[in-house]
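Student: Pasting in a structure now, in structure tokens, and then I'll have a few things to ask.
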Amino acid sequence: MQQIIGIITEYNPFHNGHLYQIQQVKKQFPDAPLVIAMSGNFLQRGEPAIIDKWHRAAECLANGADLVMELPLMAAVQPADRFAYYGVWTLAQMGVTDLFFGAEHATFDFMHDAQKAMEITGNFNKYHESFAKTYQQVITEKVGHQVDQPNDLLGLAYAKANLKLKAGISLHPIQRKNANYHDIELNDAGTIASASAIREALHHQNQDFEKFVPHQTAQDLKKQPLVSWDDFWIHLKMELLTHLPQELEKIYGMAEGIQYRMIAMAQRSEFAGDFDSWIKATKSKRFTYTRLSRLATMTLLHITWDDVASFEAQPYLRVLGFSKKGQAVLHAAKKSCDHPIITNVSQDEKKGILRIDYRAGKVYQAVCGNEQDLKHAPIMTVK
């Protein structure tokens, strides 16, 4: 059986750490196609991507990827377990045999830990703590060591998804180098920095970011509009100020009456000047910054519980780009996959199966100015 390598990612933005990961894959499997499952224009932690999905897809194709699949918005803007599940599901549909991912502790046996974690049950409703914190405590007790770093938690989620889907994918953690996930300062001593630090440098117009990203990424970041939550804040605030709490109950992720607090903080002038001030005023131990940010994305795009249920009943796959090697993988997948694989967006798909992603693309397009769906064929490279 042909080996096909997979990576689940966001590339926000694509940087030298991501390039290092791809290079490590190529060293071990030089002839195997590399499939990327990548978030689109809105990301797992509930924030807009700094540049659009097409430029990010082109960057990873230029740096060694063979096939780039978009994670639909309702799969991408999710807590780690659900994000990982749909990432692994997407790769499995493409015939991926081996999954590579960065980890703070690459020596962990993620599949072994996942087997123990699969036995955990309970709703973790401690109202003085977040779900994530309570869950991490239970994980630590179950597996015998702490699993509390962002990429380790994702690695465990990939392993759990692999078991749940019976995908049979081999997992290959790669030790993260030189930069922690949450670092917000560039490291002058090297050429690898966290995506957070690079975004922070861009926010402050610090041109030192260029040595931490490949050439094409640097050019895109200098030429393309750089998108952030501030670009959408006025629109989110209007959603909060013009809808009744009973109407907002329908938004996916809304729970425990949090919409009342969201509306109240949007009405107060001292908190309503920008997104960051509003969310810091709204968050609590139960509703963390990240959970609220995801909820804000769903509110901005008016995504309901019914919308997500519809996607879960009929998930689909979306192609952003491919090389000749990736095209062969795609052709083989089309013969074996029972789910829709979308390459070009038709009028029917825009109004039907792809309506949520299309709507999200139009909202993002209003800021970045680049067409996101209609008349946008997958990127094809000649390598």
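The values are calculated or read from the model by the stated rules, or taken from the named source; none is laboratory data. Just so it is clear, the structure is predicted and the values come from calculations on it, not from any experiment. Glycine gets a Cβ as well: all are built from the backbone with ideal geometry, and neighbour counts include every protein chain shown. Each accessible area value is taken on the protein alone, full model and side chains, heavy atoms only, with ligands, DNA and RNA left out. Shrake-Rupley method; radii C 1.70, N 1.55, O 1.52, S 1.80 Å.
Student: Scan region 327-341 and tell me whether some residue there is touching a Phe, Trp or Tyr at 6+ places or on another chain (Cβ under 9 Å) and closer than 28 Å to His235 by Cβ.
Tutor: No, that holds for no residue.
Student: Please specify each residue of region 289-323 satisfying the condition of being touching a Phe, Trp or Tyr at 6+ places or on another chain (Cβ under 9 Å) and assigned to a loop (DSSP other than H, G, I, E, B).
Tutor: Leu301, Ile303, Pro315
Student: I've got another one for you. Across region 348-364, which residue is most open to solvent (accessible area, probe 1.4 Å) among those that are assigned to a helix (DSSP H, G or I) and without any contact (Cβ under 8 Å) to a residue 24 or more places away in the chain?
Tutor: Only one residue tops the list, namely Lys351.
Student: So is Leu71 more than 30 Å from Leu300 (Cβ to Cβ), at pLDDT 95 or above and open to solvent by less than 10 Å² (accessible area, probe 1.4 Å) or not?
Tutor: no
Student: In this structure, is Leu19 of a type outside the set (S, T, N, Q) and surrounded by fewer than 23 Cβ atoms within 10 Å (Cβ to Cβ)?
Tutor: So Leu19 fits the description; yes.
Student: Filter region 189-239 down to the residues that are in contact with a Ser or Thr (Cβ under 7 Å, 6 or more places away or on another chain) and either surrounded by 15 or more Cβ atoms within 10 Å (Cβ to Cβ) or among the hydroxyl-bearing types (Ser, Thr, Tyr) (or both), then identify the one that is nearest to Thr304 (Cα to Cα).
Tutor: Among them, the one singled out is Glu239.
For every residue, the table says whether it meets (1) aromatic (Phe, Trp, Tyr); (2) within 30 Å of Asn63 (Cβ to Cβ); (3) open to solvent by 40 Å² or more (accessible area, probe 1.4 Å).
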residue: Ile263; (1), (2), (3): no, no, no
residue: Gln267; (1), (2), (3): no, no, yes
residue: Ile279; (1), (2), (3): no, no, no
residue: Thr282; (1), (2), (3): no, no, no
residue: Thr297; (1), (2), (3): no, yes, no
residue: Ile303; (1), (2), (3): no, no, no
residue: Val308; (1), (2), (3): no, no, no
residue: Leu317; (1), (2), (3): no, yes, no
residue: Ser346; (1), (2), (3): no, no, yes
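Student: Still on this model: So which residues in region 131-188 are among the hydrophobic types (A, V, I, L, M, F, W, C), open to solvent by less than 50 Å² (accessible area, probe 1.4 Å), modelled with pLDDT of 80 or more and more than 30 Å from Glu256 (Cα to Cα)?
Tutor: Matches in region 131-188: Ala159, Leu165, Ala167, Ile169, Leu171, Ile174.
Student: Which one of these does Arg45 not meet: (1) open to solvent by 10 Å² or more (accessible area, probe 1.4 Å); (2) under 26 Å from Ser310 (Cα atoms); (3) part of a strand (DSSP E or B)?
Tutor: The single condition Arg45 does not satisfy is (3).
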